[in-house]
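K.L.:
Can you keep this structure in mind? I'll have questions shortly.
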There are 2 protein chains.
Amino acid sequence: MHGDLVSIDYEGKTPLWRQLADILRAQIESGELPPGRRMPSETTLVQTYQVARGTAAKALDALEREGLVERVQGRGTFVTE
Amino acid sequence: MHGDLVSIDYEGKTPLWRQLADILRAQIESGELPPGRRMPSETTLVQTYQVARGTAAKALDALEREGLVERVQGRGTFVTE
DNA sequence: AAATATTTGTACGTATGTATG
DNA sequence: GCATACATACGTACAAATATT
């Protein structure tokens, strides 16, 4: 599928940043976001998932610590090759 | 020495959270903060070093990722045994 | 070359929730 | 119940690095 939007549960106990990280991780592992591809920008994630920028950044930071993406100031966040 | 306060350079290029992490790391490695000891709370760090709480938290998070401390909600941040 | 736009990085403040003492 | 301490989440502003026009 394309553009399918797994939505976020703003009430549930799972932190928003973790839910978002889970969604993005799934997109990477499914190949929807292939190696080398630039991830949606923080601003885009804010608009798409209705979270604060800090929350989006925290999700991406988590993925970076997992080695799934690389963040580069001024360029973006890229799926690890 | 005791209670010596290495101060922070608010102008310099090094991020405040990193400067603070460096200061605390030095205190751990010098034995001033021995294994098992509770670190100063975020609130204390805010008052001592004149930074925002988020900045103090970021410094402690960095030390946790380095394995130097362990953070426990409701209890505090402890030097790793 | 220069100005503008985009994107991540840092830092602040505030509020509320969760866990522990 | 109350106080303390970390966790999450919001919003705002500006800086730094890169890309585009």
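K.L.:
By how many nm would the segment from A:LYS13 to A:GLU64 grow when fully extended, if each residue of separation counts as 0.36 nm and the alpha-carbon distance is taken off?
P.N.:
On the way: separation 51, 0.36 × 51 = 18.36 nm, distance 2.32 nm.
Value of the extension gain: 16.0 nm.
K.L.:
Mind giving me the nanometre distance, one decimal, between the label points for B:ARG37 and B:GLN73, set 7 Å out from Cα along Cα→Cβ?
P.N.:
2.8 nm
K.L.:
If you average 1/r over every pair of different alpha-carbon atoms in the protein assembly as shown and take one over that average, what Kirkwood value in Å do you get? Walk me through the numbers before you get to the answer.
P.N.:
Working: mean 1/r = 0.0557 Å⁻¹.
About 17.9 Å for the protein assembly as shown.
Read the figures in this text as sums done on the coordinates, not as results from a lab. All of these numbers come straight from a predicted model, not from anything done at the bench. Here Cβ is always computed from backbone atoms with ideal geometry, including for glycine, and neighbour counts include all displayed protein chains.
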